[in-house]
Amino acid sequence: MPISALRYGLLMPCVYALMAAVAYWQVFFGVHPLQWDAIDCFLAWRYAVTELIRDGQLPLWNANAYLGFPLFADPECGAWYPVLWLFSLFGSYDMRSLALEWCLHTVIAGTGMHMLMRQVGCSRGAAYLAGIAFMCSGVFVSNAQNFIYLIGIAWFPWVVAGMRRMLAAPTLRNALLAAVPVFMLCAGSYPGITLIAAYSLIVYLLLALWQRRAALKVPAIRLAILRALAVFGAASLALCSVVLVPVAYALPWITRTQGLMPEKILENPLSLKAMVSFLFPFAVGTPEAAWGSDFSMLNAYCGMFTLLFALWALRYADRRYRTVAICALVLLFLAAGSLFPFRLWVAHLPGLGLFRHPSIFRFFVIFCLCVLGALAWDNLFQRRMALRNALLAMACVLVFTAVCVWPPGVIAATRDAIEAWQEPGRAVSLTVPVRIVLQAFVLLMLLLLALWLWQRRQLKWIPVLAALDLVIAVQLNAPATIVAPLSAREQNEKLQQAMRSAEPYDGRPLSALGGDSLRAGVDLVWRNEGIFLHQPQWDGYNSFVHRGYDALERSGQLAELIRRPLLFVESDSTARVDVQALAGGRFEANTEVVTNSKLVLMQNFMPGWKAEVNGRPVPVSVFSGAFVQVPLEAGKNQVLIRYAPQWPLWLALLSGGLVLAILLYAGITARKGFS
């Protein structure tokens with residue numbers, strides 16, 4: 001392999017890391033923290049997982065939210081995500097860890113898209129165009145708080161690339177390697193993203209096999225592909241079993257299994273008004289307008305040049321263009337929610353009726369547009385006059401739009417915006433028309449530069465202009481949807497101070513450990529304080545809601561029960577209970593009772609709880625349909641209650657061992673040198 005190709009292979013990931021540092025510099029350099037769910041949910045859950053791993057335990061149970069839930073059975077916590085296990089090696093997981101992991105996944109997204117487009121046959125310039133557009137798209141900007149959404153979309157190009165390589169060369173090595181990114185996506189992503197990705201891959205597989213129908217008539221080729229698909233399917237299921245089996249185990253015990261009502265399924269679509277973000281993402285950078293959706297579900301930008309090339313590609317009679325465009329259009333119909341009936345139709349498919357936010361389908365629309373834009377760029381690069389016409393057409397669209405929406409006072413508003421931007425992290429308050437005009441002006445300047453490069457026959461620099469466009473678009477909306485107007489260092493120091501000052505549970509009533517009574521002293525943490533303070537909080541913020549807990553809360557009985565401490569003896573006010581240790585899913589206490597009684601542990605009951613009294617195993621039963629209960633004998637007792645199902649360990653060993661075996665096999669069977 002030529003040395004230039006080797007240098008290119010080493011340089012390419014560095015380019016995307018540099019792009020992450022430039023486009024998301026507030027996060028990359030720790031200037032401002034991420035906000036909303038990124039801190040209150042995903043940081044808290046990741047901290048709980050990594051603390052158990054660092055303590056030498058499997059991340060099975062967290063006692064400090066909603067009176068306990070199984071970390072390992074909630075995919076949103078990332079308990080089995082290898083990247084999170086890697087971060088646990090470097091100390092306690094804090095805001096800086098979250099920022100680094102967030103930026104890492106933007107790099108994973110960019111490099112994955114780049115590799116996919118190179119595999120398809122695109123030039124390096126087209127691959128960079130697609131990769132940068134993907135990592136700086138509206139998904140990573142408006143959904144910055146939804147960290148696990150981004151993990152799924154970041155690994156999706158790797159999954160498609162692995163499947164495509166396997167179908168092109170159906171060897172054992174390629175089939176096994178294709179299963180690894182499937183596992184990474186499944187282990188780290190939001191279940192809704194995983195389900196959409198699974199259905200998308202099924203459609204892709206069917207289309208790919210249809211296109212190869214002539215080759216499949218050859219018995220040897222047909223047998224090779226069938227074998228590869230069988231290996232790929234078996235390996236994917238084996239790897240993902242550590243995620244899928246716990247989910248199946250937890251489903252009967254949580255409230256999400258009965259599906260959602262239609263109005264919930266259609267909640268937070270990509271509204272018709274928000275589709276202006278395909279060209280003017282700055283317009284949706286304000287929550288003040290009535291967008292008809294959640295503020296974080298509006299941005300669909302993937303770059304003006306990417307969009308332009310993707311639309312221009314439809315002029316050519318190329319089967320690849322048509323196929324990708326049709327997929328993008330179908331996904332856009334699904335993202336639009338109630339605007340079309342398709343979202344409710346697909347809700348009848350297994351799993352697709354269990355999550356909200358139709359707008360997350362736009363993630364895959366953006367993926368299709370990036371692919372289509374890169375394919376079209378290579379075509380337009382060879383057709384200079386077509387490229388010029390495309391640039392002029394977009395310039396006319398921008399000028400026409402600016403004239404139509406030109407608002408009064410746009411000059412004064414621009415001056416005020418420039419002055420406001422001098423205050424770091426401050427969101428600029430501008431009307432939607434002003435935002436559209438300002439961004440139209442920026443895009444028009446970039447188009448004029450592109451036409452100048454066209455005239456000087458320097459077309460290879462147009463992807464650089466596309467990257468500049470995306471950086472500007474990211475920064476225009478960063479104060480609104482990515483970062484909070486706070487100092488990341490100060491917030492992280494407050495969080496670390498709260499972690500260090502956390503005291504052991506002192507037997508207080510649980511009503512004092514939740515609601516407004518428990519505070520970590522960190523501005524961005526508002527519901528999951530108990531996780532950072534290591535206190536058994538009765539409420540929290542988590543989609544994993546135990547059925548028994550939910551029933552007690554709805555009936556009003558929970559309010560009475562949380563007036564008791566974490567451990568108490570049923571029907572014996574004279575009993576003494578001293579909590580000795582509380583860590584993860586392990587609870588130790590000394591008790592003294594006059595007569596045979598029942599000790600109640602206010603943790604949600606699920607199969608897997610075990611108990612010992614004075615060193616002897618005792619049965620575990622259910623209290624009030626929700627909590628853990630064990631029998632006590634009269635007198636003094638040493639009690640140990642722990643959540644310790646054994647089967648997750650075997651699944652973890654199977655999945656982890658198989659990943660290592662696949663990577664080792666791939667390394668041994670790889671061709672000499674780089675490929």
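The values are calculated or read from the model by the stated rules, or taken from the named source; none is laboratory data. No experiment lies behind these values; they were computed from the predicted model shown. Note: ideal-geometry Cβ built from the backbone for every residue, glycine included; neighbour counts use all protein chains shown.
Each row is one residue, and each column tells you yes or no for (1) modelled with pLDDT under 95; (2) closer than 16 Å to ILE662 by Cα; (3) in the same structural domain as PHE363 (by TED's automatic domain parsing).
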{"site": "VAL159", "(1), (2), (3)": "no, yes, yes"}
{"site": "LEU176", "(1), (2), (3)": "no, yes, yes"}
{"site": "GLY192", "(1), (2), (3)": "yes, no, yes"}
{"site": "ALA238", "(1), (2), (3)": "no, yes, yes"}
{"site": "VAL242", "(1), (2), (3)": "no, no, yes"}
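A quick yes/no check of all residues on (1) touching a Ser or Thr at 6+ places or on another chain (Cβ under 7 Å); (2) without any contact (Cβ under 8 Å) to a residue 60 or more places away in the chain; (3) among the polar types (S, T, N, Q):
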| position | (1), (2), (3) |
| --- | --- |
| LEU84 | yes, no, no |
| ALA99 | no, no, no |
| THR111 | no, no, yes |
| HIS114 | no, no, no |
| ARG118 | no, yes, no |
The strands (runs of 3 or more DSSP E) lying wholly within the range 556-637 that contain at least 1 residues that are in contact with a helix residue (DSSP H, G or I) (Cβ under 7 Å, 6 or more places away or on another chain) are 597-604
Scanning the range 316-339 residue by residue, those surrounded by fewer than 22 Cβ atoms within 10 Å (Cβ to Cβ) and farther than 17 Å from CYS368 by Cβ turn out to be ALA317, SER338, LEU339
For VAL83, the lone unmet condition from (1) outside any helix (DSSP H, G or I); (2) closer than 23 Å to GLN145 by Cα is (1)
Among the residues of the range 328-346, the number that are more than 15 Å from GLY192 (Cβ to Cβ) and touching a Ser or Thr at 6+ places or on another chain (Cβ under 7 Å) is 0
When (1) over 24 Å from GLN382 (Cα atoms); (2) at pLDDT 95 or above are applied to PRO479, the one that fails is (2)
Flagged in the range 466-498 as touching a residue at least 40 places away in the same chain (Cβ under 8 Å), over 14 Å from HIS32 (Cβ atoms) and surrounded by fewer than 19 Cβ atoms within 10 Å (Cβ to Cβ), in numbering order, are VAL471, GLN496
When the range 522-537 is checked residue by residue, the ones that are closer than 26 Å to PHE355 by Cβ and part of a loop (DSSP other than H, G, I, E, B) are LEU524, VAL525, TRP526, ARG527, ASN528, GLN537
Quick count over the range 260-288, residues being in contact (Cβ under 8 Å) with a residue 40 or more places away in the chain and exposed (fewer than 15 other Cβ atoms within 10 Å of the Cβ), is 5
Filtering the range 293-308 down to residues that are buried (at least 24 other Cβ atoms within 10 Å of the Cβ) and either in contact with a strand residue (DSSP E or B) (Cβ under 8 Å, 6 or more places away or on another chain) or at pLDDT below 95 (or both) yields MET297, LEU298
By residue number, the members of the range 21-37 that are at pLDDT 95 or above and under 15 Å from the mean Cα position of the chain (by Cα) are LEU34
From the option list GLY121, GLY192, single residue qualifying as of a type outside the set (S, T, N, Q) and at positive phi is GLY121
